[in-house]
Each structure stands twice: as structure tokens, then as C-alpha cells.
Amino acid sequence: MVSTVSDRPGYGQLLRTPGAWTFLLPGFAARQPFAMLTIGIVLLVQHTTGSYGSAGAVAAVSGVSMALFAPQTGKLADRFGQRAVLLPGVLVHAASVSALTALALADAPIWALSLAAVPTGASIPQIGPMVRARWAAVLGAAPGREASPLMSTAAAFESVTDEFTFVIGPVIATALCTGVHPAAGLIAEAALTLVGGLFFAAQRATQPSVRDTGPTGDSPRHASALSVPGVRVLSVAFLGIGAVFGGMQVSLTAFAEEIGSPGSNGVLYGIFAAGNMLAGIACGAIAWKSGPRRRLLAGYAGLTLTASGLWAVHSVPLLAALGLLVGLCIAPALISGYTLVEALVPASARTEAFTWLTGAVALGQAAAVTVAGQLADAHGASTGFLVPLVGTVLALVTLLALRSRLLPSPSGRTVARGIGHRGPVTVD
């Protein structure tokens, strides 16, 4: 059930928050790597090697590396400050992408490309979680204090921004790789990371203060968000979402090549991503009366159902229509998952929790591009579309079996290694 938008503060009021635009604009540019990197690697390596399997393997190494290092980046940002993590991070990332691009153009062996992909993925700046943490800082949200009514609006806005990133990032990368040069997508990704990341790090006024509470305080420095059971369940769910992104990127590219129309890849992926963005805007604008847990389960069931037909479609119009439906179902699942983090995880561990979910998407994407690439090489593009189906089915089964872990404890206290978060929350 939903109610009118007037039941809560809107986007307009949120965007008038003093200081918001100083981190939103550079943050938007700096968060493009997550959306551009995988498809940029796939298109460049496939061009130089002629193999989707090899391209998917290199992209997978980058994704796994990002998934493993992202939570540690979140912890370091909480401990030492965002600027201290971002400044060296964006420099390392730009250098790593440049090295990977040069090696690919020099026809280096796959092992060398895979080796270069490790620092490329590990150094991806975790801008999305950092922006969410900045919203909490500028809106005055703090443990033990009543949260601003704009916090829920900020969470929705960030989810919509993530969806929009997934709309324009892969489309820009694909257009550059197919219309300018196969390496242009990665070059643009590195440039956006460097410029956007440096400008974002320069905004010190909105940077959250470093948490330095001792063991007896409410916010221990070394808290682990992964110790919250709900975060582990959500991570599995986001693995399935990553499988959709990765499977669609590789399989749509292979399908376009297979029918002799490589340019249609950008259009097909753009339609899929547009559905994702439109649903995200709608979800953020609606004041829901049903809780995020129910919305997550419903959205995931719809995602699984729509993904089940991708492998059987062989025409561009039908694939575009079904891709649009798949995109429409991703946003509710993503937004509901991020909203659940707000209810299940204490404030002092949320940045890390967001990076676990972001890393799970990257890990699922990495596995999907590898498997889909191998299937597309061996059996044709249609078999690659089985990857989103299998990934979402497994994740949905896990969600249904462990859905009770997506509820706060009966006492109203969610614990992550001793961190307490009290207060009434509605998640169902």
C-alpha cells in the first residue's frame, strides 16, 4: 500500500539542505566507476582477444577484488576519514586502469590482464556509501538522537541516484567503446574517477567526523556490520542482483554481435537501465505503508519471474521489452535492501554495511560476466541469459528461507559486536 507523497518531506526540501550540492555533484561523477568499469573491460578485452570468456574473466577478477576490498575501505573511511582514504585511492585507481588499458592494447596475455585487474577493482572509490554517510552528517543524524525526517528521503534519493548511475554509466562506456575507440570507455572511467574523486575529497565541511569512541562507548571503532544477520542475508540477495547486471551486460553484447548489429547493444542495455531508473524514481517518490521487507520479497519475486524468460527471446523488440521489465523490478529490490540497512544496522556501522552490499553486487556481477561469457562463447548469446535467472532464483530462495533475519530483534536492539541501536523501526 502507498500513500501520497505529501506524507513525508520531498526531494525538493532535501536538495535545499545547506552544503548538499557541494558533495552531490562531484560524488555523482566519482561514483561512475562501478557502473562503467565492468562493461569497459569486457568491450576492450573482447576486442583485443576476440573472446567473451577471456573478457568476462578479467572483469570478474576486478569485481572480486572490489568486493573483497570495499568493506575494508568503508572501515578505513569511518576510522581515518573519507579524505584520507579517497586521495590515495583515486590516484591508484587511475594508474591501475591506465596500466590495464595499455596491457590490453599491447595484446598482453590474460594472466597479465588479470593481475592488473586486481588493483583496478580494489581501488574503486566507495562514493555511494560515503555520500550516504555525508547525508547523515549534514542532516544531524546521530546515535541516541531522533533522526531528521529527511533521512528516509535521503536514502530514497541515493537509491535513485544509484539507479541513474547504472543507466548512464554503461551506456556512455558502450557508446565510447563502439563509437570512438575500444579503450575510450576505460579512459573516461579513469578520468571521471580522478577528477570527481579529488573534488569530492576536497569538500571537508560535509565530511563525517571520525568515530573514535572507546570500548565502553556506544560506537566502538572496530565494529563489524557483517555480524548483523540481516546484512549477511541482504548480501546474498545483492549477489543475485549483481548476477543480473553482469549477465545482461555480457549477454546483450553477445546477442548484438550475433545478429550482426553491435550498435544495438547500447540501445538494449539503455532500455534495461532506463526501466531500472524509472522504477527507482517511482519508489523514491512513493510514501510506502508496507514495510521494506515485504517490498524486497515482492520485488525479488518479480525480478526472478521476468528474468526467467530472457533466454527464450530471440528478437530485438521482445528482448527490449523484457529487458525493460527486468529493469523495472531491480530498483524496488535494491531500494528496499538499502532501506532495511537503516533499520537493522546501527549508525556507527552503516558505512561498512553499505559497502558490503555494494561489494556483493560487484561479486555477483563478476561471477556472472565470467559464466555468461563462457556460455556465450560455447553455446551462443541466449544461454548467457540463463545466468540472471539462476542467480535470482538462488537469492530468492535464500531470502524466503531466512526472511526472519531481516527483522530487528524483539527487544528493538540490533547488535553488531556490541553496538546497540534502539528505537522503534518498521521493516515489515
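The values are calculated or read from the model by the stated rules, or taken from the named source; none is laboratory data. In this text, all values refer to a predicted model and were calculated from it rather than measured experimentally. Note that we place each Cβ from the backbone using ideal geometry, even for glycine, and neighbour counts take in every protein chain shown. When the accessible area is computed, the model is the full protein with side chains, heavy atoms only, and any ligands, DNA or RNA have been set aside. Shrake-Rupley method; radii C 1.70, N 1.55, O 1.52, S 1.80 Å.
Some notes on this structure:
- Of all residue pairs spaced 6 or more apart or on separate chains, those with beta-carbon atoms under 8 Å, a first member in region 169-190 that is farther than 12 Å from residue 270 by Cβ and surrounded by 21 or more Cβ atoms within 10 Å (Cβ to Cβ) and a second member that is of a type in the set (S, T, N, Q) and modelled with pLDDT under 90 are 185/174; 189/32.
- Test for residue 328: is it assigned to a helix (DSSP H, G or I), open to solvent by 10 Å² or more (accessible area, probe 1.4 Å), modelled with pLDDT of 80 or more and of a type outside the set (D, E, K, R): yes
- Filter pass, residue 349 being open to solvent by less than 10 Å² (accessible area, probe 1.4 Å) and at pLDDT below 80: yes
- Filter pass, residue 58 being open to solvent by less than 10 Å² (accessible area, probe 1.4 Å), farther than 27 Å from residue 159 by Cα and either among the hydroxyl-bearing types (Ser, Thr, Tyr) or in a helix (DSSP H, G or I) (or both): yes
- The set of residues from region 315-325 being among the small types (Gly, Ala, Ser) and in a helix (DSSP H, G or I) comprises 320, 321, 323.
- Candidates 281, 259, 286, filtered to the one that is at pLDDT below 80, closer than 30 Å to residue 53 by Cβ and of a type in the set (Val, Ile, Thr): 259
- None of 44, 86, 103, 113 is open to solvent by 20 Å² or more (accessible area, probe 1.4 Å) and not small (Gly, Ala, Ser) except 103.
- Complete set of residues in region 365-386 that are open to solvent by 10 Å² or more (accessible area, probe 1.4 Å) and either outside any helix (DSSP H, G or I) or under 19 Å from residue 296 (Cβ atoms) (or both): 380
- Test: residue in region 108-125 that is assigned to a helix (DSSP H, G or I), closer than 22 Å to residue 23 by Cβ and in contact (Cβ under 8 Å) with a residue 40 or more places away in the chain: no
- Qualifying residue in region 210-227 (condition: modelled with pLDDT of 90 or more and either within 21 Å of residue 369 (Cα to Cα) or open to solvent by less than 10 Å² (accessible area, probe 1.4 Å) (or both)): no
- Total residues in region 191-202, condition open to solvent by 50 Å² or more (accessible area, probe 1.4 Å) and farther than 21 Å from residue 117 by Cβ: 4
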